[in-house]
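Trainee: The structure follows.
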Amino acid sequence: MIEFLLEPLGYGFVIRGLAAGLLASISCALLSAFVVWRGMAFVGDALSHAILPGIVVAYIFGFSLFFGALGAAAVAVLAIGLISGRRRLKEDTAIGIVFSGLFALGVLMMSRVTTYQDLGHILFGNILGVSRSDLVLMLAVVIVTIVALTISHKEILVASFDPAHSVAIGLSPTLVRYILLFLLALTTVVAIQTVGVILVLSLLVTPAAAASMVSNRLRTIISLSVVMSLVATVFGFYVSYYSDVASGPAIALTLTSFFVVAFVSSRIRESRRRVGEEARSNAPA
Amino acid sequence: MNFLRRLNYGACRGDECDTPAVPHSFALEARDVRFVYPRSSAYVLDGVTLSVQAGERVALVGPNGAGKSTLLHLIIGMEQGYAGAIEVYGHPAHECRHRVAIVPQRSTVDWRFPVTVRQVVMTGRYVHLGWFKRPRQEDQDRVQDALETMDIVELANRQVGELSGGQQQRVMLARTLAHDADLLLLDEPLNHVDIGTQELIFHTLERLTADGKAVVVSTHDLGVLTVHFTRAVFLDRRVIADGRVDEVMTPETVAKAYGFEFHKDYVP
């Protein structure tokens with residue numbers, strides 16, 4: 001058994017891959033509660049797609065893919081804000097326009113400069129292609145996310161729950177939104193390495209969705225999300241190693257199964273409680 | 001510097017208030033306020049002039065779309081770009097944040113967000129904390145007092161979404177008490193509220209105004225006016241009537257505010 005667990009860890013690139021997966025899952029899980037409860041799933045999905053042209057440009061000019069992706073994410077966030085600002089268009093419309101436009105541009109550029117195998121790595125992740133400097137960046141992103149959330153959690157809470165009160169005390173909900181979008185962009189960029197564009201959303205949405213079936217305390221939801229993501233990443237990693245399947249889908253499916261279990265058990269609990277209440281109210285006094 | 005100031009929030013930086021109330025000023029004064037929503041051409045507020053003194057309990061009455069909420073939003077700074085002037089205790093409306101508290105309309109609050117009753121009430125203290133500061137013992141005590149006043153201590157650890165409409169409104173008023181503001185704005189606080197809570201809300205508001213706070217409550221419920229308010233302002237994009245409730249509560253005023261014809265010879 002121990003041999004089974006240790007065998008993959010004999011290779012440096014495999015250890016780096018696992019470390020990358022764990023770091024990405026931590027920063028995604030930390031944001032997951034806010035993505036779920038503020039309804040930011042669509043913008044998270046959009047960001048993960050919109051960074052494609054940034055990655056291609058970085059590839060062409062030979063600078064860090066991380067900064068290429070981050071630049072494209074910044075363009076996407078600003079464009080969404082600009083199009084939806086001052087009540088011109090609804091935000092999801094703006095997200096749709098920017099998302100599809102930038103992704104299409106990325107695919108087009110990609111088809112001219114690289115092979116479709118590279119596209120596959122970006123779309124579905126390549127956990128075993130992580131370099132040492134990638135790891136350092138990922139660690140930095142995790143630290144930035146933890147620090148930012150520690151400093152601003154009470155501000156995020158008030159701006160999410162009651163924007164009017166937030167404005168009344170002088171705290172701009174827009175500022176809070178941009179803080180979250182910035183963290184979301186950073187996190188998405190590092191997570192793409194491990195799970196790819198298509199499945200980043202599973203790390204951003206599913207953990208907190210599953211945790212919310214179990215608890216309605218923000219702190220508990222965030223902690224549970226982190227634990228579930230870490231477990232899913234390790235499990236998905238081994239499945240990927242031994243059955244020779246891509247790591248991204250293996251991790252994503254593990255998270256999905258966590259959600260299914262949490263969902264079903266919460267439904268069962270609910271119906272039991274209801275039956276209990278009915279029994280009590282029907283009982284003779 | 002101005003930009004950094006805008007990023008910061010919360011009340012005064014030192015022990016002294018940066019913007020002490022100007023002597024003999026009104027708690028709230030609006031002068032010829034006009035406002036158009038972006039990409040709209042119709043004035044929502046068209047020359048509203050209104051003043052509220054400390055210790056007054058004023059009902060802002062009018063049909064939906066009369067501009068009641070908009071006026072409250074302008075006071076807290078939720079909408080910008082209005083013409084005219086709004087002053088709170090002699091200062092431009094948003095200069096001293098800890099003076100103004102709002103209980104917003106229920107629909108603008110995300111009740112499903114995972115926060116507990118105690119956390120929500122604690123957000124009333126945030127204006128005294130700002131970024132980086134965590135709640136101190138004094139803040140905890142204020143929150144506890146507010147929970148006790150609104151009789152929701154036993155709900156303190158529940159998620160707000162699980163509560164009834166009346167209980168939720170008690171939580172919001174408890175937050176306002178923890179905020180310790182001098183001007184309280186309540187936007188339609190009586191919707192979906194049980195009679196017990198309604199009485200508790202008014203009892204609390206009466207106590208606050210007796211202590212010298214000013215309270216403005218927007219409502220389209222004419223029934224509560226006569227019992228609970230000293231003064232009513234009928235609004236329909238501009239002030240239609242303003243005065244003691246028994247003086248302004250005439251069929252003519254109501255008809256005018258609510259936009260239907262008043263027939264003198266109508267016999268019920």
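Trainee: Mind checking which residues of the range B:55-92 are touching a residue at least 60 places away in the same chain (Cβ under 8 Å) and in a loop (DSSP other than H, G, I, E, B)? Step through it out loud before you land on a result.
Mentor: Step one: list which residues in the range B:55-92 are touching a residue at least 60 places away in the same chain (Cβ under 8 Å), which gives B:55-64, B:66-69, B:71-72, B:75-76, B:87-91.
Residues satisfying the conditions are B:Gly55, B:Glu56, B:Gly62, B:Pro63, B:Asn64, B:Ala66, B:Gly67, B:Tyr89, B:Gly90.
Trainee: Just to be sure before I move on: is A:Leu203 touching a Ser or Thr at 6+ places or on another chain (Cβ under 8 Å) and either assigned to a loop (DSSP other than H, G, I, E, B) or more than 9 Å from every other protein chain (Cβ to nearest Cβ) (or both) in the structure I sent? Give the derivation first.
Mentor: Details: touching a Ser or Thr at 6+ places or on another chain (Cβ under 8 Å): yes; either assigned to a loop (DSSP other than H, G, I, E, B) or more than 9 Å from every other protein chain (Cβ to nearest Cβ) (or both): yes.
Taking the combined requirement at face value, the residue satisfies it.
Trainee: Next question. Which residue out of A:Ala191, A:Ala159, A:Ala211, A:Ala168 is touching a strand residue (DSSP E or B) at 6+ places or on another chain (Cβ under 8 Å) and either polar (S, T, N, Q) or surrounded by 19 or more Cβ atoms within 10 Å (Cβ to Cβ) (or both)? I'd like the intermediate steps shown before the answer.
Mentor: Numbers: A:Ala191 fails: touching a strand residue (DSSP E or B) at 6+ places or on another chain (Cβ under 8 Å); A:Ala159 fails: touching a strand residue (DSSP E or B) at 6+ places or on another chain (Cβ under 8 Å); A:Ala211 fails: touching a strand residue (DSSP E or B) at 6+ places or on another chain (Cβ under 8 Å).
Sole residue among the options that is touching a strand residue (DSSP E or B) at 6+ places or on another chain (Cβ under 8 Å) and either polar (S, T, N, Q) or surrounded by 19 or more Cβ atoms within 10 Å (Cβ to Cβ) (or both): A:Ala168.
Trainee: Which condition does B:Gln140 not pass, out of (1) more than 24 Å from B:Leu72 (Cβ to Cβ); (2) touching a residue at least 24 places away in the same chain (Cβ under 8 Å); (3) of a type in the set (S, T, N, Q), if it passes all the others?
Mentor: Going through (1) more than 24 Å from B:Leu72 (Cβ to Cβ); (2) touching a residue at least 24 places away in the same chain (Cβ under 8 Å); (3) of a type in the set (S, T, N, Q) one by one, B:Gln140 breaks only (2).
Trainee: A further question follows. Just to be sure, is A:Phe161 at pLDDT 85 or above and either of a type outside the set (A, V, I, L, M, F, W, C) or farther than 30 Å from B:Ile76 by Cα (or both)?
Mentor: Working: at pLDDT 85 or above: yes; either of a type outside the set (A, V, I, L, M, F, W, C) or farther than 30 Å from B:Ile76 by Cα (or both): no.
The answer is no for A:Phe161.
Trainee: Which of (1) more than 10 Å from chain B (Cβ to nearest Cβ); (2) modelled with pLDDT of 90 or more is the odd one out, the single condition A:Ile192 does not satisfy?
Mentor: (2)
Trainee: Moving on to the next point. Does B:Asp32 satisfy being surrounded by fewer than 20 Cβ atoms within 10 Å (Cβ to Cβ), modelled with pLDDT under 90 and in a strand (DSSP E or B)? Walk me through how you get there before you give the answer.
Mentor: Details: surrounded by fewer than 20 Cβ atoms within 10 Å (Cβ to Cβ): yes; modelled with pLDDT under 90: yes; in a strand (DSSP E or B): yes.
It is true that B:Asp32 is surrounded by fewer than 20 Cβ atoms within 10 Å (Cβ to Cβ), modelled with pLDDT under 90 and in a strand (DSSP E or B).
Trainee: For A:Ala148, state whether it is in a helix (DSSP H, G or I), touching a helix residue (DSSP H, G or I) at 6+ places or on another chain (Cβ under 9 Å) and surrounded by 20 or more Cβ atoms within 10 Å (Cβ to Cβ). I'd like the intermediate steps shown before the answer.
Mentor: Working: in a helix (DSSP H, G or I): yes; touching a helix residue (DSSP H, G or I) at 6+ places or on another chain (Cβ under 9 Å): yes; surrounded by 20 or more Cβ atoms within 10 Å (Cβ to Cβ): no.
For A:Ala148, the condition - in a helix (DSSP H, G or I), touching a helix residue (DSSP H, G or I) at 6+ places or on another chain (Cβ under 9 Å) and surrounded by 20 or more Cβ atoms within 10 Å (Cβ to Cβ) - is not met.
Trainee: Quick check: is even one residue across the range B:104-120 within 12 Å of chain A (Cβ to nearest Cβ), surrounded by fewer than 21 Cβ atoms within 10 Å (Cβ to Cβ), touching a residue at least 60 places away in the same chain (Cβ under 8 Å) and in a helix (DSSP H, G or I)?
Mentor: yes
Trainee: Testing A:Gly170 on (1) free of Cβ contacts under 8 Å to residues at least 12 places away in the same chain; (2) part of a helix (DSSP H, G or I); (3) in contact with a His (Cβ under 8 Å, 6 or more places away or on another chain), one condition comes back false. Which one is that?
Mentor: Here A:Gly170 meets the rest and fails (2).
Trainee: To continue, here is another question. When the residues of the range A:1-33 are filtered to those that are crowded, with 24+ Cβ neighbours inside 10 Å and out of contact with any Ser or Thr (no Cβ under 7 Å at 6 or more places or on another chain), which remaining residue is farthest from B:Val109 (Cα to Cα)?
Mentor: A:Gly17
Trainee: Scan the range B:121-149 for residues that are under 24 Å from the mean Cα position of the chain (by Cα) and either assigned to a loop (DSSP other than H, G, I, E, B) or among the aliphatic types (A, V, I, L, M) (or both) and report the count.
Mentor: 8
Trainee: Counting just the residues of the range B:150-181 that are surrounded by 21 or more Cβ atoms within 10 Å (Cβ to Cβ) and outside any helix (DSSP H, G or I), which one comes out farthest from the chain's Cα centre (by Cα)?
Mentor: Selected residue: B:Ile152.
Trainee: Sticking with this structure for a sec: Within the range A:30-40, identify whether any single residue is touching a helix residue (DSSP H, G or I) at 6+ places or on another chain (Cβ under 7 Å), closer than 30 Å to A:Ser243 by Cβ and not in a helix (DSSP H, G or I), and answer yes or no.
Mentor: No, every residue in the range A:30-40 fails to be touching a helix residue (DSSP H, G or I) at 6+ places or on another chain (Cβ under 7 Å), closer than 30 Å to A:Ser243 by Cβ and not in a helix (DSSP H, G or I).
Trainee: For the list (1) closer than 30 Å to B:His203 by Cβ; (2) modelled with pLDDT of 80 or more; (3) exposed (fewer than 13 other Cβ atoms within 10 Å of the Cβ), I need the number of the one condition that B:Ala59 fails.
Mentor: That leaves (3) as the condition not met.
The values are calculated or read from the model by the stated rules, or taken from the named source; none is laboratory data. Small disclaimer: the values here were computed from a predicted structure and weren't measured. Cβ atoms come from the backbone with ideal geometry, glycine included; neighbour counts cover every protein chain shown.
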